[in-house]
Amino acid sequence: MFDDRATHEIHSKEKAPLWEALLKYRDERKRSFHVPGHKNGEAYSGDAAAQPFREMMALDVTEITGMDDLHHPEGVIQEAQQLAADCFGAEESFFLVGGSTSGNLAMILTVCCQQGDLLLLQRNVHKSVLNGLMLSGAKAVFMESEQDSTSGLAVAPSPETVAVALAAHPEAKGVLVTMPNYYGMGSDLTGMAQICHAHGIPLLVDEAHGAHYGLHPDLPAHALSCGADIVVQSTHKMLAAMTMGAMLHVQGPRIDRALLRGRLAMVQSSSPSYPLMGSLDLARRLVHAPGASAFTAGFAAVNTFKRGLAQRLPRLGLLQPPQPRTAAGGAAAPGGQ
């Protein structure tokens, strides 16, 4: 029997509703009587050197009819964010035009909404997390990071460390960790999420460098699938959005969604960039429509690099994640992480 629902799902993944609306606006070539002041790029019509810039400006619109509103989406932005939630495994997803920085600020301001609220976090966090603490007036307890036995590099606190910290500070409003770290090293956050939830608090994850996680079987699991409640990803870092393009994903009952929307409106521009948001829609479609096969060429390149490194520069070691054990007791073949 023909499944209309399955066909609709495939077609939805292939859509980029916000980007398509921008192209439609450009092609209709309407006369602009509103901001931006460049008037669809016409201000640069006499500057030959600026023509590539002029082409992009034809997509640089504002909150006019048909273009929706990032801070109160009801149309193409809402649809684009729903597709992003489906792609990345969230209940709700929000486009960010200020990079993961704006997402980190918003999630801290949401969870620590009263002066003096306490947040547990690892030591090696991004400066935007520290800025979020200052803006919220929150108190911080920094947990000791673990040390990777092979490289000596600092990785996230263990679930045991989190449990000890929560026993000492039961008033904590949440736990925030960075995953992966700035060396590309990640770990399973399931145990940490379970401990947080047993204490009735959310797990916040700065997953800025892990927007690709969970999109292929050979990639690490993403934070949401491990049980994290609110996650920030830099779509421009490991996927294909424009610089400053990022997303915030949320799930579960532990995050006040209405307060989160207010905080996002507080820390983001009231005049968000439509080309930037359109690039988020396109970046999502680029991995959503083909699924795991979107990473086939990338994994092939990684494996070619590994072989070349072993053959031509054997004196250099390659730090890789721990490999699962096979039934016979040996290590399984290295994956493409």
### Message
Can you show me the helix-derived [θ] at 222 nm for the chain, built from DSSP H runs with n ≥ 4 at -39,500 (n - 2.57) apiece and divided by the number of residues, rounded to the nearest 500.
### Response
-12000 deg cm²/dmol
#### Entry: Amide proton proximity set for GLN122, modelled H, under 5 Å, gap of 5+
MET143, LEU176, THR178
### Set of segment 173-202 residues, backbone N closer than 16 Å to the point 7 Å along the Cα-Cβ line of LEU118
173-176, 196, 199-202
### Message
Suppose accessible area is computed on protein heavy atoms with a 1.4 Å probe; arrange HIS126, HIS38 from highest to lowest.
### Response
HIS126, HIS38
#### Entry: Restricting segment 151-210 to GluC sites (Glu not before Pro) in coil, as DSSP defines it, with at most 14 other Cβ within 10 Å
GLU171
### Query
Assigning unit charges at the beta carbon (Lys, Arg +1; Asp, Glu -1) and nothing else, what dipole magnitude in debye, to the nearest 20, does the chain show about its Cα centre?
840
### Message
Can you say what percent of the DSSP beta bridges in segment 72-292, counting only those with both residues inside, are antiparallel? Round to 5.
### Response
40
#### Entry: Rounded accessible area per residue of segment 1-126, 1.4 Å, Å²
53
#### Entry: Extension gain from ARG307 to LEU286, taking 0.36 nm per residue of separation minus the Cα-Cα distance
4.8 nm
### Query
Which is farthest toward the positive dipole end of segment 72-292 among ILE230, LEU130, PRO290, measuring Cα position about the Cα centre, with Cβ charges +1 (Lys, Arg) and -1 (Asp, Glu)?
LEU130
## Note on the structure
Yeah, segment 132-207 with a ≥ b ≥ c from its alpha-carbon gyration tensor (a/c under 1.5 is rounded, else prolate when a/b outruns b/c, oblate otherwise) is prolate
### Message
In whole percent, and with a 1.4 Å probe on the protein chains, what portion of the accessible area of segment 72-292 is carbon and sulfur?
### Response
53
#### Entry: Accessible area (Å², 1.4 Å probe, nearest 10) - PHE142
80
### Query
If you take every DSSP beta bridge whose two residues both sit in segment 112-215, what share of them, in percent to the nearest 5, is antiparallel?
15
### Query
Which of the pairs LYS15/LYS173; LYS30/LYS237; LYS13/LYS139; LYS24/LYS237 have their Cα atoms more than 31 Å apart in this structure?
LYS15/LYS173; LYS30/LYS237; LYS13/LYS139
### Task
Return the loop-located GluC sites (Glu not before Pro) in segment 42-91 (DSSP other than H, G, I, E, B) with at most 16 other Cβ atoms within 10 Å of their own Cβ; answer none if there are none.
GLU74, GLU91
### Query
In whole percent, what relative contact order does the chain give with Cα contacts below 8 Å and a gap of six or more residues?
19
### Query
In nm, to one decimal, how far is the modelled label at SER271 from the one at ASP27, with both set 7 Å along Cα→Cβ?
2.9
### Message
Debye calculation, C-alpha points only, no solvent: report log10 I(q)/I(0) for the chain at q = 0.09, 0.13, 0.15 Å⁻¹, in the same order as the q values.
### Response
-0.56, -1.05, -1.26
### Query
³J(HN,Hα) across segment 29-46 via Karplus (A = 6.51, B = -1.76, C = 1.60, θ = phi - 60°), whole Hz, x for Gly/Pro?
6, 6, 6, 8, 10, 9, 5, x, x, 6, 6, 6, x, 5, 4, 9, 5, x
### Task
Apply the Karplus parameterisation 6.51 cos²θ - 1.76 cosθ + 1.60, with θ equal to phi minus 60°, to every residue of segment 189-203 and state each ³J(HN,Hα) to the nearest whole Hz, in sequence, with x for glycine and proline.
9, 4, x, 5, 4, 5, 5, 4, 5, 5, 8, x, 10, x, 9
### Query
Rank THR178, THR190 by accessible area, highest first, at a 1.4 Å probe radius?
THR190, THR178
### Task
Keeping all protein chains in position, work out how much accessible area ILE195 exposes to a 1.4 Å probe, and write it in Å² to the nearest 10.
40
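The values are calculated or read from the model by the stated rules, or taken from the named source; none is laboratory data. Just so it is clear, the structure is predicted and the values come from calculations on it, not from any experiment. Note that we place each Cβ from the backbone using ideal geometry, even for glycine, and neighbour counts take in every protein chain shown. Calculation scope for accessible area: heavy atoms of the full protein, side chains included, ligands and nucleic acids excluded. Shrake-Rupley method; radii C 1.70, N 1.55, O 1.52, S 1.80 Å.
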